[in-house]
1. Taking a temperature of 4 °C and a viscosity of 1.567 mPa s, what whole-number D in µm²/s does Stokes-Einstein yield for the chain with Rh from Kirkwood over alpha carbon pairs?
2. Write out the trypsin sites (Lys or Arg not before Pro) in the stretch 29-81 meeting two conditions: DSSP loop, and at most 13 other Cβ atoms within 10 Å of their Cβ.
3. For Glu180 and Asn73, calculate 0.36 nm times their separation in residues minus their Cα-Cα distance, and state this gained length in nm to one decimal.
4. For the chain, what are the DSSP H helices with axial Cα length of 18 Å or more and mean Kyte-Doolittle hydropathy of at least 0.5?
5. Enter the Cα centre distance for the pair the stretch 228-282 and the stretch 84-160, rounded to the nearest angstrom.
6. Pull out a ≥ b ≥ c, the square roots of the eigenvalues of the alpha-carbon gyration tensor of the stretch 24-127, then state rounded if a/c is under 1.5, prolate if not and a/b is larger than b/c, and oblate in the remaining case.
7. Per the helix-only calculation at 222 nm, which mean residue ellipticity applies to the chain, given -39500 (n - 2.57) for every DSSP H run of n ≥ 4 and division by its residues, nearest 500 deg cm²/dmol?
8. Counting other Cβ atoms within 10 Å, which chymotrypsin sites (Phe, Trp or Tyr not before Pro) in the stretch 166-248 have at most 14 and lie in a DSSP loop?
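Throughout, read-outs are computed from the coordinates displayed, never taken from laboratory work. Here the structure is a predicted model, which means the values were calculated and not measured. FYI the Cβ positions are ideal-geometry reconstructions off the backbone, even for glycines, and counts take in every protein chain you see.
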Amino acid sequence: MSLIGEKSVIKDCYGVTAECVRFVSVETIEHLRSVLCKFRGRDIKIVGSFTNMILAHCKLNRIIIKLDGAFSNIQLIDNQRVRVGSSVKIPSLLNFCLKSGLGGLEFMVGIPGTVGGAIYCNAGAFGNEIGDYIQEITCMDREGDIKKFKKRDINFSYRNSGLRGYIILDAVIRVSPFPEVEIKNKMQRFFFRRLQSQDYYNSSCGCFFRNPPGACAGGIIEDLNLKSRKRAGAWVSEKHGNFILSDGDVHPQDILAIKDVIQRKVWRERRIWFNPEVEILW
Ligand SMILES: Cc1cc2nc3c(=O)[nH]c(=O)nc-3n(C[C@H](O)[C@H](O)[C@H](O)COP(=O)(O)OP(=O)(O)OC[C@H]3O[C@@H](n4cnc5c(N)ncnc54)[C@H](O)[C@@H]3O)c2cc1C
């Protein structure tokens, strides 16, 4: 992120940049509250690391807020619980768990982004979701009031937390004591499975579309011969049909054009409408 006067340039997971009216990095709860108060009524977007977002327009009429500072802490509560700030990166959390001999989250290895973004999207892999490991979440609403939610109060579902409108500040995550070597082996196995099935080192946003109920979006894309469909700097992965890749030099319209081709063909041939898993910001 770089500052241009009051405006700021932000960058998504494809390396696409956009200018927003204001980018604010907040350091404390009080700071966040005062920023919400200052920009009340404006179009505010909370972001983590932009790994599940596409910036579709080069000028966004939004205030972008990113949590930092006091939201970057990880604290061991006991050998079954970790309190983690929402701006902590997933790899840092996994590293902390590994060094502390705490298992459970190994399936998240290879998922980029922040804890806040992962909880908001109920990120998951290999049949597990972060929501399964949440004990409690502290949020702020848009009025600046703090709310605490127990797991039973949160409607986690496939890639959804139901926390729309709330800003996630931190979470208590359930873990279990395990020997470090076992945790490491498990992480390596999950990462190996990821490398076998995904083009991990090209730019992407992970899976582009949500899987429709009872089916696999990537499999349908492959069946309909849409793999390798290309438009300028964007193309469908040969390895995993649900990945739209780029070489880092791409226009968002090329990614969105491929999205449209896939959506239309799947609708024509299968009568299924693919909804994006990635968030498209206009
Ligand atoms: C190579 C690659 C692989 C991936 N693999 C997976 C995978 O296996 N499984 C999976 O589920 N996802 C995967 N993803 C998608 C993405 O990494 C996850 O969804 C990640 O958790 C998003 O985190 P983020 O910080 O980047 O969120 P962002 O993209 O910045 O934001 C995502 C959403 O969360 C909201 N949000 C962010 N922080 C907060 C907060 N503190 N409070 C409230 N709302 C917030 C944003 O407003 C936005 O709606 C992958 C992405 C890439 C690039």
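1. Numbers: Rh = 19.8 Å.
The estimated diffusion coefficient comes to 65 µm²/s.
2. Values: sites: Arg33, Lys38, Arg40, Arg42, Lys45, Lys59, Arg62, Lys66, Arg81; in loops: Arg40, Arg42.
The qualifying sites are Arg40, Arg42.
3. Details: separation 107, 0.36 × 107 = 38.52 nm, distance 2.16 nm.
So the extension gain works out to 36.4 nm.
4. Membrane-span-like by this rule: not one helix.
5. Their Cα centres are 27 Å away from one another.
6. Details: a/c = 3.05, a/b = 1.57, b/c = 1.94.
Cα axes put the stretch 24-127 in the oblate bin.
7. Details: 6 runs with 72 residues, N = 282.
Helix contribution divided over all residues of the chain: -8000 deg cm²/dmol.
8. Numbers: sites: Tyr166, Phe190, Phe191, Phe192, Tyr200, Tyr201, Phe208, Phe209, Trp235, Phe243; in loops: Tyr166, Tyr200, Tyr201, Phe208, Phe243.
Qualifying residues, ordered by number: Tyr201.
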